[in-house]
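In what follows, a single structure is set out as C-alpha cells and then discussed.
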Amino acid sequence: MFDYLFSLNPGIIGYLVFLITSVAVYGLFSLGLNLQWGYTGLINFGHVAFMTVGAYATTLLSLAGVPLLAAVSIGAVLAALLGLLMGFSTLRLREDYLAIVTIGTSELVRLVALNEGWLTKGAFGVQSFPLPLENFRPTVGTRIGMIVIISAIFGTTLWKLAERCVRQFRRAKTWQHQVSAIASGLLGLLAIRLWVVSAIALYDFRSSPATNGLLFIVLITVAIVFWALERLVKSPWGRVLKAIREDEEVAKALGKNVFAYKLQSLMLGGFIAGIAGAFFAWQLSTVYPTNFEPLVTFQAWIIMILGGAGNNAGTLLGAGIYWAYTALTRDLERLPIAADQVGALRIMVIGLILMVLMIWRPQGILGNKDELTLGK
Amino acid sequence: MTNPSPPLMPVLSATGLMKSFGGILAVNDASIEVTQGSITGLIGPNGAGKTTVFNLLSNFIQPDRGRVLFDGEPIERLPPYQIAQRGMTRTFQVARVLSRLSVMDNMLLAAQQQTGEKFWSPWFLPGRIAKEENAARDRAVEILESVGLAAKANDYAGALSGGQRKLLEIARALMTRPKLVLLDEPAAGVNPTLIHQICEYITYWNRQGLTFLVIEHNMDVIMSLCDRVWVLAEGTNLAEGTPAQVQSDPKVLEAYLGS
C-alpha cells in the first residue's frame, strides 16, 4: 500500500495510471446515471446499454476508417438516440416501468452485440481498433504543455478541496465536520500524489503512448463534462429536473413539460455514458459482449450511492473509492482460495459496506443529510 | 362582503363535463362558469366530484366528454403544463411542496418563460439567466413577504409546517403570474387564525385583479369570500347563485344534511 502512495517505480506508476483512467471512465459513466437518477429520479437499471452502444459504435466506425473524434461523437449520439427510444416508449408510464424496460434494453443490446456477428464480430470481439494518440510522439514542449493542462485540472480540484477543508474546520461544531475536514485534507494529499503520477506519466509519454494518451484525454473529458453538468444542474434547467424528482405533478401544475425534461435528462445521461463507452473500449483495447453484463450498471449505482446521489463531485469520489477498494483488495487473490471465490468475497464486502453506509449515512458520503430527514 | 358589479366576461367556462372511472360515473354533465375578477366557490358534500372537476378543468384527468373554454379558447385537449402556461394555475388538496428544494427554489421554479430552463441556455446565456433570476428572486421575496414566509426562504420546503406549506403553495401559484387560480381546499387542516389570514390574502389578491375558483368545505370561508357559488352533488350541478341564495336553497340543505 505504501508503494501506491510513495513509489516512483515505473510499474507502480503504470498501475496508478490504469487506476486513474479507470476512475475517470467509471466516474464519467456514473455521472450520466447521476443526472438521470440523482437529479431527475429516473430509475435506469440498464445504463450499460448506452455504454455498449458507445463502445461498439466508436470502435467499429474507427475500424472502418472514420476519424476517432467523429466516431466517438456518432457513438454518443447513437447512445442518446437509444435514450430517446426508451424514453418515448416508457416515460409517459409510471416510473417502475422505466426500470423494467431499461434493464431489458441493456440485455437486448448485449445480445444483439453477441449474435449479430456480421456487425459486431460476436463473441470473437472487436480487436486492434485504433486508439487515440497511440502514434503521437510529443516533443518536450508539447509534453510540458500537456502537463500544464493536467495541472490546471488537478490544481482546481486541490483548490476546491482546500476550500472545503477550511470551511469544515471553521464550522467544526460536531465531530462530523472535523472528520470531513480531515478527509478533505487527506484527499488533497492523495490528489497531489495522483497529480505527480500523471505528470510523470505524461513526461514519460513514450513509455506507453496509448495508455498515457488515454489518461490525458480522459482527464480532460471528465473535467469538461463535470463542468458542463454542474453548470446545467445549478441552472433553472436543473431546478426543473429536481422538481420532477420531488413531485412531477407539481412540475406539471407549474407549466413544465415534464415529459420533455425527462427525455432530455435520459438522452444527455445516455450521451455521457456513450462517451464513457468509447473510453472503456480504448482502455480495454478489445471489446467483447461479456464486458457489458448488467453488473456494470450496478457498479455505476454503487459508485453513485457511495458518493451521494444528486451530487456530481460525490459521484466522482464514489468512483475513486470503488477503484481504491478494488486495488487494495487485489492482494486477496494470494489467499489460498479459488479466484472466483475471492471475486465473490470482494463483491460481498462491497454489499456490506453499502449496507453499513445506508444505516449510518444513507445520503452517501457527500450527500446532504438534511435532505433525507425531510418528509414528502 | 359586498359584491363588485358583476363583470360580463367568463374567464373560464366548462359545459357538459363527464368522467367515469370503471363503471362509476364520477362527474355527470357538470358545468361551471367563472367570471373575470370574481372569487367563485365550488361546494358540495364529500364525494360530490369537486376535486375531479378540478382535475378535469386542469386536464390532470382527461374528461370523457365536455368542453372547457379558458379565455375563450378550448383547452380540454391541452396537456396540463400548457394550461398552466396559459395562466390557469392549480393547487392541490393536500399541499404538495418540493421538499428537498428550498422555499426560494419552490418559488423560482414557478416563474414562467425562463430562458434558463431551455437545455442549451445555461452554457451560452449565463448573463441573461442571472438577470432573469434576480428579477424572479425580487418578485419571489415580495410574494413571500406578503404571506409571512420571507424568513423561511432558504429553508427546505420539507421543513415547513402544514399551514406554511399551504401558504407556500398559494404563493408559488401566484409566482406563475396566473389569470385564474384554482384553490383546492385552501383552509383544510389549517388552524382558525391561519384560515382567517388565508382569506385575507385571497381577498387582497382578488382586489389586485386575480380571479379565483375555490373548493372549500368550510362554509364560513365560502360565505365570506365568494361572489358566486356552484353546488355539486353526485357529480352533477345542484344549484348556483350568490352565497346567500345557495345557503337557503332547500335542495342544497337536503344534499348536505341528508333527507
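A short reminder: the numbers here are calculations on the coordinates, not readings from a lab. This one's a predicted model, so the numbers in the text were calculated from it and none came from an experiment. Neighbour counts are summed over all protein chains in view; Cβ atoms, including those assigned to glycine, are modelled from backbone coordinates with ideal geometry.
Assorted remarks:
- Averaged over the residues of peptide B:80-86, the number of Cβ atoms from other protein chains lying within 10 Å of each residue's Cβ is 5.
- The count of lysine pairs in chain A that are at least 8 places apart or cross chains, and whose C-alpha atoms lie under 30 Å apart, stands at 26.
- The convex hull around the C-alpha trace of chain B, projected and averaged over every direction, spans 15.1 square nanometres.
- Calculated FRET value between A:A64 and A:M358, using beta carbons and R₀ = 41 Å, to 0.05: 0.35
- Listed residues A:L81, A:L268, A:L215, most fluctuating in chain A (Gaussian network, C-alpha, under 10 Å): A:L81
- Annotation: average projected area of region B:1-130 is 11.8 square nanometres, based on the convex hull of Cα atoms across all directions.
- Peptide A:244-251, shielding by other chains (average Cβ, 10 Å cutoff): 5
- Comparing B:L42, B:L238, B:L57 in a Gaussian network model of chain B, where Cα atoms under 10 Å apart are tied by springs, the biggest mean-square fluctuation is seen for B:L238.
- The charge dipole of chain B, taken about its Cα centre with unit charges on the Cβ atoms of Lys, Arg (+1), Asp and Glu (-1) only, comes to about 680 debye.
- Region A:2-373: relative contact order as a whole-number percent, Cα under 8 Å and 6+ apart: 33 percent
- Inter-chain Cβ neighbour count for B:150-160, averaged per residue, equals 2 (cutoff 10 Å, partner chain atoms only).
- Cα gyration tensor shape for region B:100-159, rounded if a/c is under 1.5, else prolate or oblate: prolate
- Among A:C165, A:N34, A:N291 the positive-end extreme of the charge dipole of region A:2-373 (Cβ point charges): A:C165
- Cα pair count fraction exceeding 22 Å, expressed as % - region A:208-357: 55 percent
- By the count of other C-beta atoms within 10 Å, a proxy for reagent exposure, A:L335, B:L12 are ordered fewest to most as A:L335, B:L12.
- Two-site FRET efficiency, A:L295 against B:D64, from Cβ-Cβ distance with R₀ of 60 Å, rounded to 0.05: 0.80
- Choice from A:A223, A:A251, A:A300 showing the highest fluctuation, given a GNM over chain A with Cα pairs closer than 10 Å: A:A251
- Put simply, the convex hull of the Cα atoms in region A:174-238 casts, on average, a shadow of 6.3 nm².
- Test item: Cα-centred dipole of chain A, Lys/Arg +1 and Asp/Glu -1 on Cβ, debye: 1000 debye
- Shape summary: region A:2-373 maps onto an equivalent ellipsoid whose semi-axes, from the alpha-carbon gyration tensor, are 30, 28, 21 Å in decreasing order.
- HN-Hα J in Hz across region B:9-22 - Karplus 6.51, -1.76, 1.60, θ = phi - 60°, x for Gly and Pro: 6, x, 7, 9, 9, 10, 9, x, 5, 10, 7, 10, 10, x
- Placing one equal scatterer on every Cα of region A:275-335 and applying the Debye formula, the log10 ratio I(q)/I(0) at q = 0.18, 0.19, 0.23 Å⁻¹ is -0.81, -0.88, -1.08.
- The dipole here belongs to region A:241-349: it is taken about the Cα centre, uses +1 on the Cβ of Lys and Arg and -1 on the Cβ of Asp and Glu, and is about 200 debye.
- Summarised in one figure, the compactness ratio Rg/Rh of region B:110-259, Cα atoms and Kirkwood Rh, is 1.09.
- Between B:M9 and B:S161, the FRET efficiency estimated from the beta carbon spacing at R0 = 35 angstrom works out to 0.35.
- For trypsin sites (Lys or Arg not before Pro), the sites in region B:72-163 that DSSP calls loop and that have at most 12 other Cβ atoms within 10 Å are B:R77.
- The protein assembly as shown - Rg over Rh from alpha carbon coordinates, Kirkwood radius: 1.06
- The 3J(HN,Hα) values that the Karplus relation (6.51, -1.76, 1.60; θ = phi - 60°) gives for region A:67-75 are, in residue order, x, 4, 4, 5, 4, 4, 4, 4, x Hz. Gly and Pro appear as x.
- Dipole of region B:100-159, positive end: most advanced residue of B:P122, B:V147, B:N134 [Cβ charges, Cα centre]: B:P122
- Using every pair of distinct Cα positions in region B:91-194, the Kirkwood expression returns a hydrodynamic radius of 14.4 angstrom.
- Computed over region A:1-148, the range of Cα coordinates on each principal axis works out to 56, 38, 28 Å, biggest value leading.
- Cross-link partners of B:K251 among lysines, defined as those whose alpha carbon lies under 25 angstrom from its own and excluding same-chain residues fewer than eight positions apart: B:K19, B:K50.
- 3J(HN,Hα) from dihedral phi, region B:174-188, Karplus parametrisation 6.51/-1.76/1.60, rounded to Hz, x for glycine, proline: 5, 4, 6, 6, x, 8, 9, 10, 9, 9, 9, 6, x, 9, 5
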